[in-house]
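Below is one structure; the comments refer to it alone.
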Amino acid sequence: MRKNAVLAKLRAGQPTYGLWLGTGSTLLAEEAAHAGLDWALIDTQHGYWSNETILSTLQILSHTETVPLARVAENDPALIGRLLDTGAFGVVVPMVNTREDAQRAVASVRYPPQGSRSAGGSRLQQFGSDYFLAANPEIFLAVMIETVQALGKAEEILSVPGIDCCFIGPTDLALDMGTFGQPSDRHTAAIQSLVDICKRLGMPLGIYCPTLENVHQRTAQGFQFMNVGSDMSLFQRGLNEVKQELPGLIRP
Ligand code: 3PY
Ligand code: MG
């Protein structure tokens, strides 16, 4: 069974950096795959992906050292099983709000006896001929804490065995707290409370980073799973640079 390099770093207390892929572009995914990042994540919750482009992207990533991950559209065993069977080496599960949600995510990702994932998927042989027996400890599972309800239950959610990482969704959390679009001490304190809980539980922590400044700040705060941008945000940054370099030639 191949070792999951992202899990190895998390378990060694090291940070990992990746790219969020939402455009559904296999060309951009290929660029990301060769950029030297720890991981690249196919976002099937909010991104523009088809089954075919998911498969192609996982095929591209499988020829590189960038660990292929995916965010599932919802906490559903069939969707999670399909992404893993297609070759994702781990999943991020959104909106995990209760201990039962967390148990459902673990059961979907782990084979028996730890869970109830069903065996199948010809692409899995690339990970090793012993995949069905040896995959459980190598498949990355992050659960997303991104609601007020989940905040209140974070300790019981994150103490479910089989979870590798707590991943904070700062935008949904802000929307749910009613603080979206404004600086908020309550939002900052909520994130700090998750930092404290994860430290106590020895649970690696990640967060969606909208800016590179944010990546530095979260790294210093002890976060271990961060995106350095998304395929779309990097493209938009490039466009903004062009506008700044050619003032007056392009509409503001
Ligand atoms: C959020 O901020 O809510 C996210 O899900 C980030 O991807
Ligand atoms: Mg979210």
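A few points about this structure:
- Residue match in segment 51-66 (condition: under 15 Å from the mean Cα position of the chain (by Cα), modelled with pLDDT of 95 or more and under 30 Å from GLU155 (Cβ atoms)): no
- Filtered residue count, segment 63-96, keeping only those that are more than 16 Å from ligand 1 (Cβ to nearest atom), surrounded by fewer than 23 Cβ atoms within 10 Å (Cβ to Cβ) and more than 17 Å from SER116 (Cβ to Cβ): 5
- Tally, over segment 119-132, of residues that are touching a residue at least 40 places away in the same chain (Cβ under 8 Å) and in a loop (DSSP other than H, G, I, E, B): 2
- Summed over segment 139-161, the residues that are more than 15 Å from the chain's Cα centre (by Cα) and either within 13 Å of ASN75 (Cβ to Cβ) or more than 16 Å from ligand 1 (Cβ to nearest atom) (or both) give a count of 11.
- Checking LYS243 against (1) at pLDDT 95 or above; (2) surrounded by fewer than 17 Cβ atoms within 10 Å (Cβ to Cβ), the condition it does not meet: (1)
- Being outside any loop (DSSP other than H, G, I, E, B) and farther than 16 Å from ALA5 by Cα holds for only one residue in GLN114, GLN103, and it is GLN103.
- Residue match in segment 189-196 (condition: within 22 Å of THR23 (Cα to Cα), within 22 Å of the chain's Cα centre (by Cα) and without any contact (Cβ under 8 Å) to a residue 24 or more places away in the chain): no
- Enumeration of residues in segment 1-60 that are open to solvent by 40 Å² or more (accessible area, probe 1.4 Å), touching a Pro at 6+ places or on another chain (Cβ under 8 Å) and either among the aromatic types (Phe, Trp, Tyr) or within 16 Å of ligand 2 (Cβ to nearest atom) (or both): GLN45
- Pair list, Cβ < 8 Å and 6+ apart or interchain, from segment 71-97 residues that are among the polar types (S, T, N, Q) and within 16 Å of ligand 2 (Cβ to nearest atom) to residues that are modelled with pLDDT of 95 or more and in a strand (DSSP E or B): ASN75/VAL93
To keep it simple, each residue is scored yes or no on (1) within 16 Å of ligand 2 (Cβ to nearest atom); (2) under 19 Å from the mean Cα position of the chain (by Cα).
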residue	(1), (2)
ASP176	yes, no
ARG186	no, no
GLY206	yes, yes
ASN227	yes, yes
SER230	yes, yes
SER233	yes, yes
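The values are calculated or read from the model by the stated rules, or taken from the named source; none is laboratory data. Just so it is clear, the model here is predicted, and its values are computed rather than measured. In this analysis, Cβ positions are derived from the backbone assuming ideal geometry, glycine residues included, and neighbour counts consider all displayed protein chains. Side chains are part of the model used for accessible areas, which takes the heavy atoms of the whole protein and leaves out ligands, DNA and RNA. Shrake-Rupley method; radii C 1.70, N 1.55, O 1.52, S 1.80 Å.
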